[in-house]
Structure formats: C-alpha cells, structure tokens
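Only one structure is covered here, and it is reproduced in the block below.
The values are calculated or read from the model by the stated rules, or taken from the named source; none is laboratory data. All figures in this text were calculated on a predicted structure; none of them were measured in a lab. Using ideal geometry, Cβ is built from the backbone for each residue, glycine included, and neighbour counts are taken over all protein chains shown. Please note that ligands, DNA and RNA were not included when accessible areas were found on the heavy atoms of the full protein model with its side chains. Shrake-Rupley method; radii C 1.70, N 1.55, O 1.52, S 1.80 Å.
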Amino acid sequence: MKRRPFIKQLVKFSGGALLTSQLPLIYACAKPTQNKKLGIALVGLGSYAGGQLAPALLETEHCYLAGIVTGTKEKESVWSNKYDIPKSNIYNYENFDSIADNDAIDIVYVVLPNSMHAEYTIRAAKAGKHVICEKPMATSIEDCKKMIAAAKNAGKKLAIGYRLHYDPFNDQMMKLGQNRVYGKMNIESSFAFNMGNRNQWRAKKALAGGGPLMDLGIYCIQGCIYTFGELPTSVSARYTTINEKNWPEVEGSIDWELTFPSGKATCSTSYEKQYYGHLTANTEKGKLMLSPAFVYNGLRGTTPDGPMTVKPVNQQAKQMDAFALNIINNSKILVPGEMGLRDNYIIEKIYESANNDGKEILLSNLPQILDLRKI
Ligand code: NAD
C-alpha cells in the first residue's frame, strides 16, 4: 500500500479522530507487513507443550505451530490431526537434525527435561534455526555457555522461555519496583507445590539437575531481580527438606537470601508443601505484591494504592509473538540466553552455599544482564 492512500484510510477508519499531525508517528510505529507467520516446532510434547504452548500458538499473530519433534510414535497422528501438522514437519529425536532442510520451520522450541536442553538447543542452532529453550536453561554453566556459542556461531537468536516478562502483572511489579514508586524495599518470594509423583524426571538429578530450586525457585530469583532492577551481589542458602528419605537425589525444600545493592531478598521453594507462589516487596509505603505471582492465569496484584487493574493476557502467546517479532525486526530479545546463564550461575552459587552450611558466597562473575522497564 502506498503511504498517502494508507494515511487517508487510517483517518477514514478512525472516524476523523486521528489528527493528521499524529499520523507520521503512528505510521512510523506500525508493525512491518508480514508475508507469513514464522513456523515453530515444539521439541518434547509433554504437559507444558501440550497444555500451554500448543494452545497458545493458536492465538499468536506472528508465529504458528508448524512442526513437532517427539520420541512417541502415537503422539504423531494425535498432534498432526489436532493441529493440522503435515507429515513432512514431524520429526523424532534421531532424524531431528534433518530439520535443517525444512524451510517451514523457523524456530525450534525446546520443552524437554532440563538436562536435555543443551543438546537440542545446540542441534537446533546447528540446523540453522532460532531457538527458544525452556527454563532452567541447562543443568550446568558450561552447557549454558555452549548453547549461547552455538546460536552465535549459527547467527541465530536464542531466548529462554521466561513468559512472565510478557505478563502485565509482573510488568507492573517491575515498573513500580524498579522506579521505587513506593520507596526503599526488601523482597520476599516463595514458590512451592506438593509433588505427589516422585517417580518423574523432576526428582531425578541426572535429568532435572536439581530440585525445586531449578524448577520453581528460578521464578523467585527472577522476580527479585526484576523488581529491584538490580543484580544480587551475594547469596546465602540452607536446605530445609522436611522428609529426607523422599528426596534421595534432589533437595525437597531450600531457603536462600540474596543481597542486592539496595536491599535483601528472602526466598524459599519446595516440592513438599501445599501450592503457593508469591512475590512481595515490603516497601516504605506498604506491600507491593503479586499473589499468586507465577501462574498462567488468575494472577492478583496489590499495591499500597490498591489492587492492580491490568488486563490478563495469554502469557505464552505474547512471549512467542515477541520472539517472532525479534526475528522479523532483528531486535533485542528481553530474555536472551545470557539471562538464562545468569540465573544458572545464581542457582549454582545457592547450592554451593547450602552445601557449605549457609556460607555467604559472592556473585563476582555474574553476567551483567537486566530487563529494565520504564514507566
Ligand atoms: P513433562 O514431563 O510433562 O514433558 C517432558 C517431555 O519430554 C515429554 O514429552 C517426554 O516424553 C519427553 N522426554 C524425552 N526424553 C525424556 C526422558 N529421558 N525423560 C523424561 N521425558 C522425556 O515436562 P514439562 O512439565 O512439560 O516440562 C518440560 C520443560 O518445560 C522443563 O524444562 C520445564 O522446566 C519447562 N516448563 C516450563 C514452564 C513455564 O511456565 N515456562 C512450565 C512447565 C514446564
């Protein structure tokens, strides 16, 4: 569409409400016209891929579910029928690398157990695909670094599945916290649930890398960092597992404290307690709080001025659309691989402290990366 007729149409559709003086700005901000949505292939069709990501991909504007990678033959036809996925876009773990020849797939989304993230992210990058990798990025810092290097060498983008950076409640928390709207603060955050079935990969060290700290506590770490808008300088931690015999491989529960330049954050996580998840800043003017803070729907926010009144969104759809736009516009990712590395580094130091009776550990080599918001 030529510029002039496009502007005329905008004025017409706005019922004249748009002043012509506003038009250059609106025109400049318009999203680029796209010929096609980017194709995403999900790797690992478990509960998160099936329950959240695939349904969200029916709501996305800039990407869609184009392919799947699964080790379970029966899932192929089920997913193919449900999401209209052609046979040519279905892979298993053995033939996965041939995805390199498939132009319908632009992005590979790794939704496997934690210890498999590194292998599939690196293979996807080598196949020339952009990658979203679920949290926690990997089970070691060394793997995180290899994943970042693989994406860099391939000239592809790598994001971590940190959906809450696209959630409007957490966005409010970041803005109000980072701008110190309610003055100085200390933060408390907890995330726990009671894991009934301990026979799953989450309880196995080789697959999970660790216990609830890697799975749930990572949300608390993230929440404290993005509410302060600062990086922690040291950590101290203690295991608080209630039933040791239930957790031979990973911790059942753990508490930790992070020191930030302008305050403290006290956190806990557990696989042994009833469900709860909150992020609370105790400010000079009262509580700034999300509770529940880390769920997909039904978040609630409170400020010293009253409840947050933001409108909920489909977090996963927003997150995947944002990554697709990062690719289309070649723009900066809010949650890049380096942020995943940062969080894995903090997790490693929390375990180091807990293994040394709560000794304070300095976070001297922490990657300097923050998601800073402006009001
Ligand atoms: P899940 O157990 O439901 O699914 C795991 C999938 O991996 C299954 O399809 C399974 O068949 C496959 N798999 C392949 N090899 C496997 C092996 N050796 N052992 C076990 N499973 C194997 O797990 P999930 O809850 O979907 O979690 C997958 C990843 O997504 C994890 O990294 C988790 O941390 C992450 N996750 C993120 C969110 C979020 O909100 N961002 C939510 C849930 C899970």
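Of the set (1) in a loop (DSSP other than H, G, I, E, B); (2) surrounded by fewer than 18 Cβ atoms within 10 Å (Cβ to Cβ); (3) out of contact with any Asp or Glu (no Cβ under 9 Å at 6 or more places or on another chain), all apply to residue 310 but (3). Against the condition within 25 Å of residue 262 (Cα to Cα), in the same structural domain as residue 363 (by TED's automatic domain parsing) and surrounded by fewer than 23 Cβ atoms within 10 Å (Cβ to Cβ), how does residue 183 come out, does it pass? Yes, satisfied.
Could you identify the single residue in 118, 104 that is over 22 Å from residue 322 (Cα atoms) and more than 14 Å from the chain's Cα centre (by Cα)?
On inspection, the qualifying residue turns out to be 118.
For segment 283-302, taking the residues that are under 30 Å from residue 244 (Cβ atoms) and in contact with a Ser or Thr (Cβ under 8 Å, 6 or more places away or on another chain), the one that is most open to solvent (accessible area, probe 1.4 Å) is identified as 291.
Selection of segment 349-363 for residues being assigned to a loop (DSSP other than H, G, I, E, B) and open to solvent by less than 40 Å² (accessible area, probe 1.4 Å) yields 358, 363.
Among what's in segment 45-77 and is more than 12 Å from the ligand (Cβ to nearest atom) and over 25 Å from the mean Cα position of the chain (by Cα), pick the residue that is surrounded by the most Cβ atoms within 10 Å (Cβ to Cβ).
The selected residue is 76.
Inclusion of residue 2 among residues that are loosely packed, with under 13 Cβ neighbours inside 10 Å, modelled with pLDDT of 95 or more and more than 16 Å from the ligand (Cβ to nearest atom) is not warranted. Restricted to segment 258-282, and to residues there that are of a type outside the set (D, E, K, R) and in contact with a Gly (Cβ under 6 Å, 6 or more places away or on another chain), the residue that is surrounded by the most Cβ atoms within 10 Å (Cβ to Cβ) is 279. The residues of segment 87-114 that are open to solvent by less than 60 Å² (accessible area, probe 1.4 Å) and more than 27 Å from residue 201 (Cα to Cα), listed by number, are 89, 98, 100, 102, 104, 105, 106.
Given the residues 244, 249, which is the only one that is surrounded by fewer than 16 Cβ atoms within 10 Å (Cβ to Cβ) and within 16 Å of the ligand (Cβ to nearest atom)? Reasoning before the result, please.
Details: 244 fails: within 16 Å of the ligand (Cβ to nearest atom).
From the options 244, 249, the qualifying one is 249.
Scanning for something outside any strand (DSSP E or B) and either within 16 Å of the ligand (Cβ to nearest atom) or over 23 Å from residue 109 (Cβ atoms) (or both), does segment 324-332 turn up at least one residue? Looking through segment 324-332, none of the residues is outside any strand (DSSP E or B) and either within 16 Å of the ligand (Cβ to nearest atom) or over 23 Å from residue 109 (Cβ atoms) (or both).
If you check 255, 305, which single one turns out to be within 25 Å of the chain's Cα centre (by Cα) and either assigned by TED's automatic domain parsing to the domain that holds residue 172 or surrounded by fewer than 18 Cβ atoms within 10 Å (Cβ to Cβ) (or both)? Spell out the reasoning first.
Values: 305 fails: within 25 Å of the chain's Cα centre (by Cα).
Criteria check complete, one pass: 255.
Checking the stated criteria, residue 317 turns out not to satisfy the condition of being over 30 Å from residue 157 (Cβ atoms), among the hydrophobic types (A, V, I, L, M, F, W, C) and outside the structural domain of residue 53 (by TED's automatic domain parsing). Close contacts from segment 45-58, counting a first residue that is part of a helix (DSSP H, G or I) and a second that is near the ligand (Cβ under 6 Å from one of its atoms), with Cβ to Cβ under 6 Å and a gap of 6+ residues or different chains, come to 48/111; 49/111.
Scanning segment 222-275 for residues that are in a strand (DSSP E or B) and among the polar types (S, T, N, Q) yields a total of 9.
Select, from 123, 163, the only residue that is more than 18 Å from the chain's Cα centre (by Cα), crowded, with 20+ Cβ neighbours inside 10 Å and closer than 30 Å to residue 217 by Cβ.
Values: 163 fails: more than 18 Å from the chain's Cα centre (by Cα).
Selected residue: 123, the only one of 123, 163 that is more than 18 Å from the chain's Cα centre (by Cα), crowded, with 20+ Cβ neighbours inside 10 Å and closer than 30 Å to residue 217 by Cβ.
Are any residues in segment 96-137 out of contact with any strand residue (DSSP E or B) (no Cβ under 8 Å at 6 or more places or on another chain) and within 10 Å of the ligand (Cβ to nearest atom), and if so, which ones? Selection gives 113, 114, 115, 136.
Inspect all residues belonging to segment 198-218 and state whether any of them is aliphatic (A, V, I, L, M), in the same structural domain as residue 172 (by TED's automatic domain parsing) and either without any contact (Cβ under 8 Å) to a residue 12 or more places away in the chain or more than 16 Å from the ligand (Cβ to nearest atom) (or both). Show your work before the answer.
Step one: of segment 198-218, the residues aliphatic (A, V, I, L, M) are 203, 206-208, 213-214, 216, 218.
From the residues that got through so far, the ones that are in the same structural domain as residue 172 (by TED's automatic domain parsing) too are 203, 206-208, 213-214, 216, 218.
Narrowing further to those that are either without any contact (Cβ under 8 Å) to a residue 12 or more places away in the chain or more than 16 Å from the ligand (Cβ to nearest atom) (or both): none.
No, segment 198-218 has no match at all.
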